[in-house]
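Following: one structure in structure tokens, then a few remarks.
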Amino acid sequence: MDAAIRTQIESLRSLKITDLRARYRDLFGEASPSFNRAHLFRRIAWRLQAQAEEDLTGRARQRAAELANDLDVRLRAPRSFWREIESNGEIPNRDPRLPPSGTVLERAYQGQSLRVTVLARGFEHEGRHYPSLSAIAYGVTGTRWNGFHFFGLKQEWKT
């Protein structure tokens, strides 16, 4: 590293964070998301050295090319892909207390009859979609409830 680059890097040590961020923007062409002084200093110093040395050395370029050629190409789909196909779009971790999709749950509450349709992902009550039975129970009563308890789903659903 020549003396000019060394003095530029040493001058960075006395800069405030706002000045470091401005210098970063000049060198990289974009604002830094970081406000960490040490990180900004290291990134700017690296960039100054890379520009002075004309980026990567021939040896580093050769090694990068070797790594790129040796990169394994995925020949199989991930396991999650096959699990999703086997489950036919059903949610694999569905709570066993839930009845099958399309089932209508009914419950009387303070003289009202509540009707909730079980969907593949969530529930429908009075034309609105809800993520959980607890959300429906809270909307109806104004109090936090365990949705399974509120609708009487205490045991595993048998189909």
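Computed from the coordinates by the stated procedures, all read-outs in this text should not be read as laboratory data. Worth saying up front: this structure is predicted, and the values here are computed from it rather than measured. Every residue, glycine among them, receives a Cβ derived from its backbone with ideal geometry; neighbour counts consider all protein chains shown.
Taking each DSSP H run with n ≥ 4 as -39500 (n - 2.57) and averaging over every residue of the chain yields -13500 deg cm²/dmol at 222 nm. With semi-axes defined as the square roots of five times the eigenvalues of the C-alpha gyration tensor, the equivalent ellipsoid of the chain measures 62, 27, 11 Å, largest first.
Positive-end ranking of Ser34, Pro100, Tyr138 along the dipole of the chain, with charges on Cβ about the Cα centre, is headed by Tyr138. Taking Rh as the Kirkwood radius computed over C-alpha pairs, what is the Stokes-Einstein D of segment 31-70 at 37 °C in a medium of viscosity 0.692 mPa s, expressed in µm² per second? Reported coefficient: 274 µm²/s. Helix 58-70 and the longest principal axis of the C-alpha atoms of the chain enclose an angle of approximately 30°. Maximal additional length on extending the Thr141-Arg25 stretch stands at 36.3 nm, based on 0.36 nm per residue less the C-alpha distance.
This model, with +1 at the C-beta of Lys and Arg and -1 at the C-beta of Asp and Glu, gives the chain a dipole about its Cα centre of some 460 debye. For segment 94-111, putting each phi into the Karplus relation 6.51 cos²θ - 1.76 cosθ + 1.60 with θ = phi - 60° gives couplings of 5, 5, x, 6, 7, x, x, 4, x, 5, 9, 9, 10, 8, 8, 9, 6, x Hz, in residue order, rounded to whole numbers and with x for Gly and Pro.
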